[in-house]
Amino acid sequence: MDYPVFMDIEVSSAEDGQFPTIVSWSLPEGTLKSVLILPADEWDPWNNVDSNVDIQHLFDQGVTPTDIAREINDDLGGKTVFVDGLDADEALLEKLFDACGSDPDFELASLSQFDSSYGLEELLELRNDYAEQNELNPAISEDNVRAMLFMSQNI
C-alpha cells in the first residue's frame, strides 16, 4: 500500500534571513525520515537563529544541503508532497536546494489539496487532534509529519 507523502521543515528564526534547520518527510511505504541541516555559509547562521535553536548542534550533527537534496530527490522524485504551510515550506525548501545549486524533483502541494472534501482548517484540526491524543508536537517537524500521515489514514 502506498501512503501519501508529507514534509515539514523547521526554521532557524522568524526573522528575515531565516534558514531551514530540520527537514522531515514521509515515504510512500509510510516510514519517516528526519535530518538536521548543516547551515550553508551564505545563510549567515550565527546571526539568524532563535534561542531555542542549538546552532552548534547543527554544525556538529547536520548533513550538508547537497546530501539532503540528493536523498530527498531519491526518495520523493516524481511525487506530490503535501505540506501544511505551502509558502513557508516552499521558501525554505528553495533555500535548501539553492545552497547546493539543485532543484527538487517533486512537486509541493498544500495540505488543502490532499482531500477536496475538507478545507485546510479542518485538516489542520484533524492533524492537531491526532497530535494531542498521541502527545505529539506539530511544531516539531517529525511529529508534524507523523500527525499528517495518521490524519491521512483516518479521513
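The values are calculated or read from the model by the stated rules, or taken from the named source; none is laboratory data. Nothing here was measured: the structure is a model prediction, and the numbers come from that model. Here Cβ is always computed from backbone atoms with ideal geometry, including for glycine, and neighbour counts include all displayed protein chains. Accessible surface areas use protein heavy atoms only, side chains included; no ligands, DNA or RNA. Shrake-Rupley method; radii C 1.70, N 1.55, O 1.52, S 1.80 Å.
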Of all residues making up the range 20-50, the number that are of a type in the set (S, T, N, Q) and at pLDDT below 95: 2
In the range 51-68, the residues that are open to solvent by less than 60 Å² (accessible area, probe 1.4 Å) and either modelled with pLDDT under 95 or under 21 Å from D143 (Cα atoms) (or both): V53, I55, L58, G62, V63, I68
Tally, over the range 20-38, of residues that are under 18 Å from M151 (Cα atoms) and either free of Cβ contacts under 8 Å to residues at least 40 places away in the same chain or surrounded by 19 or more Cβ atoms within 10 Å (Cβ to Cβ) (or both): 5
Test set (1) without any contact (Cβ under 8 Å) to a residue 40 or more places away in the chain; (2) of a type outside the set (F, W, Y); (3) in contact with a helix residue (DSSP H, G or I) (Cβ under 6 Å, 6 or more places away or on another chain) - I9 fails condition number: (1)
Of the criteria (1) open to solvent by 70 Å² or more (accessible area, probe 1.4 Å); (2) over 22 Å from I37 (Cα atoms), which one F114 fails: (1)
Residues being free of Cβ contacts under 8 Å to residues at least 60 places away in the same chain and closer than 19 Å to E29 by Cα - total across the range 112-155: 6
Set E122, E107: member being over 16 Å from the mean Cα position of the chain (by Cα) and surrounded by fewer than 19 Cβ atoms within 10 Å (Cβ to Cβ): E122
Residue match in the range 71-91 (condition: part of a strand (DSSP E or B), on the phi < 0 side of the Ramachandran plot and among the hydroxyl-bearing types (S, T, Y)): yes
Residue in the range 89-99 that is modelled with pLDDT of 95 or more and farther than 17 Å from I22 by Cα present: no
Qualifying residue in the range 6-19 (condition: surrounded by fewer than 19 Cβ atoms within 10 Å (Cβ to Cβ), part of a loop (DSSP other than H, G, I, E, B) and modelled with pLDDT of 95 or more): no
